[in-house]
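See structure below.
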Amino acid sequence: MKQTTFASLAFERKKKQTRRERFLGVMEKVVPWAALLAAIAPHYPTTGRRGRPPMPLATMLRIFFMQQWYTLSDRAMEDALYEIESMRRFAGLALTDDAMPDETTILKFRHLLEKHGLTGQMMNIINDTLEERGLLLKGGTMVDATIIHAPPSTKNRDKQRDPEMHQTKKGNQWYFGMKIHVGADVNSGLVHTVSVTPANASDISQLPELVREDDRALFGDKGYVNNQLKRLARKAGLFWGVSLKASKAHPLTEADKRFNHKMSSIRARVEHVFRVIKRQFGYTKVRYKGIAKNAAQVFSLIGLTNLYLARRALMS
């Protein structure tokens, strides 16, 4: 039993539940905690500093997830645990009874996940859970990509930009960073496959990685136009729902425009994934150097995004 303080009593008796409390309450119910903890446990240390027991694994995983949901650095996460009661409660910590993990402890847990490729495993575990509930189906895939910015400044210790990030031109605007490519279920809009590349990688280059073997339909925007792949897909019995691209020699006919409109209405659901990542979770700029570290964060964000999009069905 943990000691009840005046602050905790005041928190319980307040008249309004905040959006953060409601969100954390929902995610508490929909995250498959047992399966995720079982995947991490074999890699988690059994002793901490100077032989003392480490922070509970469940607490560290919850802290890691809150970092993704609220775009918090290791230091900002440590401060939030001291300042915000709802976050402490979600992590299973009490200000008077428990030691708060410092930013170094939080950093080491993130490095542990990166070292053993555990964020990708967590995304797969989440998707397996969704598939068991009948929420992630097979049969068709929507593909899309989005750019995540990286700092273009060279005013740093190395006097250069991140060498693993690259620039690309979209329309008349240049962007520097990396690109997230996703393959999403056409029925639910949930992501089943992810790849992360520098921003200058073409969308079409990642298409073979995003389509499942048992897919019977593919939907994408004009960035995936490729006549050779189109012929191969049709030969394999795959419906090719990629939007048609106009050219000076071959402008779009009215039938082509109707086809593009219909395909756009189908693949529009894949945009919901990027809305949640960028607007709900605030992930618009890379936090780390190098593709591998940022890809590890992307895998965890995609898994959590799938849970968020399917939260109502999971709670029903």
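Values as computed for the structure displayed
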quantity	calculated
Pairs, first closer than 13 Å to Gln67 by Cβ and at pLDDT 95 or above in region 102-130, second of a type in the set (Ser, Thr, Tyr) and crowded, with 17+ Cβ neighbours inside 10 Å, C-beta under 7 Å, six or more apart	Leu113/Thr119; Thr119/Ser300
Any hit, region 165-176, residues being in the same structural domain as Lys230 (by TED's automatic domain parsing) and over 25 Å from Lys289 (Cβ atoms)	yes
Where Ser195 falls short, out of the listed (1) part of a loop (DSSP other than H, G, I, E, B); (2) without any contact (Cβ under 8 Å) to a residue 60 or more places away in the chain	(1)
Gly139 being at positive phi and not hydroxyl-bearing (Ser, Thr, Tyr)	yes
Residue within region 202-218 that is surrounded by fewer than 21 Cβ atoms within 10 Å (Cβ to Cβ), in a helix (DSSP H, G or I) and β-branched (Val, Ile, Thr) present	yes
Condition met for Leu135 (closer than 27 Å to Arg279 by Cβ and touching a strand residue (DSSP E or B) at 6+ places or on another chain (Cβ under 9 Å))	yes
Residue satisfying condition, being among the hydroxyl-bearing types (Ser, Thr, Tyr), surrounded by fewer than 21 Cβ atoms within 10 Å (Cβ to Cβ) and under 20 Å from the mean Cα position of the chain (by Cα), within set Thr146, Thr119	Thr146
Subset of region 90-106 (residues that are within 22 Å of Ser300 (Cα to Cα) and surrounded by fewer than 16 Cβ atoms within 10 Å (Cβ to Cβ))	Gly92, Asp102, Glu103, Thr104
Number of the condition not met by Arg275 [criteria: (1) modelled with pLDDT of 90 or more; (2) part of a loop (DSSP other than H, G, I, E, B); (3) surrounded by fewer than 17 Cβ atoms within 10 Å (Cβ to Cβ)]	(2)
Subset of region 241-299 [small (Gly, Ala, Ser), under 26 Å from Val186 (Cβ atoms) and either in contact with a strand residue (DSSP E or B) (Cβ under 8 Å, 6 or more places away or on another chain) or touching a residue at least 60 places away in the same chain (Cβ under 8 Å) (or both)]	Gly241, Ser243, Ala295
Residue match in region 91-106 (condition: among the β-branched types (Val, Ile, Thr) and part of a strand (DSSP E or B))	no
Residue ranges of helices (runs of 4 or more DSSP H) in region 1-81 with at least 1 members of a type in the set (Lys, Arg) and modelled with pLDDT of 85 or more	19-30, 57-70
Condition met for Gly303 (more than 27 Å from Lys29 (Cα to Cα) and touching a residue at least 12 places away in the same chain (Cβ under 8 Å))	no
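Quick grid of which residues meet (1) of a type in the set (Phe, Trp, Tyr); (2) modelled with pLDDT under 95; (3) surrounded by 13 or more Cβ atoms within 10 Å (Cβ to Cβ); (4) outside the structural domain of Arg275 (by TED's automatic domain parsing):
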{"position": "Asp158", "(1), (2), (3), (4)": "no, yes, no, no"}
{"position": "Val196", "(1), (2), (3), (4)": "no, no, yes, no"}
{"position": "Asn226", "(1), (2), (3), (4)": "no, yes, yes, no"}
{"position": "Lys235", "(1), (2), (3), (4)": "no, yes, no, no"}
{"position": "Ser243", "(1), (2), (3), (4)": "no, yes, yes, no"}
{"position": "Lys248", "(1), (2), (3), (4)": "no, yes, no, no"}
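The values are calculated or read from the model by the stated rules, or taken from the named source; none is laboratory data. Since the structure is predicted, the reported quantities are computational estimates derived from the model, not experimental observations. Using ideal geometry, Cβ is built from the backbone for each residue, glycine included, and neighbour counts are taken over all protein chains shown.
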